[in-house]
Amino acid sequence: MPRTPAEIRELARKADVKIVDLRFIDLPGMWQHFSIPVEDLEDDLFSDGIGFDGSSIRGFQQIHESDMLLIPDAETAVVDPVLSIPTLNLICDVYDPISRKAYGRDPRHVARKAELYLKSTGIADISYWGPEAEFYIFNDVRYDQTAHSGYYYVDSDEGIWNTGREECPNLGYKLRHKEGYFPVPPSDALHDIRSEMMLTMIQCGLKIEAQHHEVATGGQGEIDMRFAPLVEMADNVLKYKYIIKSVAKKYGKTATFMPKPLFMDNGSGMHVHTSLWKDGKNLYAGSGYAGLSDMAMYAIGGLLKHAPALCGITNPTTNSYKRLVPGYEAPVNLAYSRRNRSASVRIPVYSPSPKAKRLEFRCPDGSSNPYLAFSAMLMAMLDGIKNKFKPGEPLDKDIYDLEPEELAKVPKAPGSLEEALTHLEKDHEFLLQGDVFTRDVISTWIWYKREKEVDAIRLRPHPYEFALYYDI
């Protein structure tokens, strides 16, 4: 991995690079970029940075204070694995050009502060993160919203709804609802595409453990990355999304991380595995429940206590709450278990090794900004550890066997983005510790989500309302 401008220039020379692409993350969680000629890859780019207009970036500056700086992180340099013109990608941090300080609303800066705060507490040296981001690969998507119309339409060659379509010939092998986990090809029609995605990820330095079809019909898949520290893994998630979408487009298909694009089948989550380590020792390994330490139990307590507020960051779209409903393996119950996948915190027990002990927070989905989602989860766990929050008894019973009165006692995840944002508004002091999140970041996030998404959906007629009410 290059670490100096000279090493990066040598990497560019060997790869015959023509373009340098500078990338950064907006507040909602999408990569933004612009490019410069490779001849401008000089030392001062990494010290002085390069200016851009921040007023057009979602969640950033206002028009009267638009000038901002990007300063590339030398350790992120990689030759782009999908562009046809040889291009070197650099992930950048955002700075204020006047104060020369890191920009408070830069999500990568929030994540850096989270890692520094963890060390400052003395609790651990490092946190590891392993997200499992699911996605759909469709053959076609169409959608529109006007003053007098609104609709969406998605299609997949392997979707069960296409068993009767004239395909000249239709060969069958369509996956039935909830039967995509894991039939071999030809039923799994996307094996080669996912394999190319996996190999492309490996080509640009991501460590990949497996790729497979997921539960749903219509092209749901997953590619699992090996765990990494917080900022590095958040960077990796953006690379992961970029490669999946780009390779899908190469095949004439489209990929989405939308949590619930299909009705009546499983949504796409991003189960996040995490652990804390100090002096090379896994602090979550112990002799308690499911092989966990007391510290791990307190971390669970923190996650569960703050889960309703966390959902405002880890499940940040109105569509997220179409997934967080009972009946689709969705983690709607704010409890922990080593068995029950409808519990929001699961303890994997695949391996007895102390090194493998970790928590799996199952609420998050791929619509989240990984820098903010991982940072918020870390702050919730640290709050639980510092205050010794006990998580109560595990939910190891089959949720469908519980009596109604027993089930009613189990806290539930929020039912809407508006509800989650209200929880975040009331419960965010734990995020402010160590100045990791600032009140400005949280208030801007809540404002943006309410005005641009919650209200935008609330004000528009829904197509199904016509089916329910047109003849009323």
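Of note:
- For the chain, the solvent-accessible area of protein heavy atoms averages 47 Å² per residue (probe radius 1.4 Å; ligands and nucleic acids excluded).
- Take every Cα pair under 8 Å whose residues are at least 6 apart in sequence, average their separation, divide by the length of the chain, and the relative contact order is 14 percent.
- Only helices enter this figure: runs of n ≥ 4 DSSP H residues, each worth -39500 (n - 2.57), summed and divided by the residues of the chain, yield -9500 deg cm²/dmol at 222 nm to the nearest 500.
- Multiplying the residue separation of Ala456 and Glu403 by 0.36 nm and removing their Cα-Cα distance gives an extension gain of 15.2 nm.
- Net charge, Ile50 excluded, C-beta distance under 10 Å - Lys, Arg +1, Asp, Glu -1: -3
- Whole-percent carbon and sulfur share, accessible surface of the chain, 1.4 Å: 54
- Whole-number percent relative contact order across segment 348-447, with pairs defined as alpha carbons under 8 Å at least 6 apart: 22
- Shape class for segment 282-435, computed from the alpha carbon gyration tensor (a ≥ b ≥ c): oblate, with a/c not under 1.5 and a/b at or below b/c.
- Cross-link reach list, lysines versus Lys253, counting only Cα pairs under 26 Å and skipping chain neighbours closer than eight places: Lys174, Lys178, Lys207, Lys239, Lys241, Lys245, Lys322
- Tensor-based shape of segment 324-391 (alpha-carbon gyration tensor, a/c under 1.5 rounded, otherwise prolate or oblate): rounded
- When the trypsin sites (Lys or Arg not before Pro) in segment 371-452 are filtered for DSSP coil states and for at most 10 other beta-carbon atoms within 10 Å of their beta-carbon, the remaining sites are Lys409.
- The chain, dipole about Cα centre (Lys/Arg Cβ +1, Asp/Glu Cβ -1), debye to the nearest 20: 1020
- Between Lys426 and Met30, the modelled label-to-label distance comes to 3.3 nm, taking each label 7 Å out from Cα in the direction of the beta carbon.
- Using only side-chain charges placed at the Cβ, +1 for Lys and Arg and -1 for Asp and Glu, the dipole size of segment 216-302 relative to its Cα centre rounds to 480 debye.
- A simple packing score, the average count of other Cβ atoms within 10 Å per residue, orders the peptides 240-253, 199-212 as 240-253, 199-212, with the highest score first.
- Cα shape, the chain, gyration tensor, a/c 1.5 rule: rounded
- Relative contact order for segment 178-228, counting Cα pairs under 8 Å that sit 6 or more residues apart, in percent: 40
- Legend: calculated FRET efficiency, Ala467 to Val141, from the Cβ-Cβ distance at R0 = 30 Å, rounded to 0.05, equals 0.90.
- Net charge contributed by nearby residues that have their C-beta within less than 10 Å of Ser156 (K/R +1, D/E -1): -2
- Charge tally in the Cβ shell below 12 Å around Asp235, where Lys, Arg are +1 and Asp, Glu are -1, Asp235 excluded: +1
- Of the residues Trp129, Val345, Ile472, the one whose Cα sits farthest toward the positive end of the charge dipole of the chain, with +1 on the Cβ of Lys and Arg and -1 on the Cβ of Asp and Glu, is Val345.
- Farthest toward the positive end of the dipole of the chain, out of Gly291, Met270, Pro411, is the Cα of Gly291, where the dipole comes from beta carbon charges about the Cα centre.
The values are calculated or read from the model by the stated rules, or taken from the named source; none is laboratory data. Note that the structure is a prediction, hence the values are computed from the model and not measured. Positions of Cβ are generated from backbone atoms using ideal geometry, with glycine treated the same way; all protein chains shown enter the neighbour counts. The protein model used for the area step is the full one, side chains on, heavy atoms only, and it has no ligands, DNA or RNA in it. Shrake-Rupley method; radii C 1.70, N 1.55, O 1.52, S 1.80 Å.
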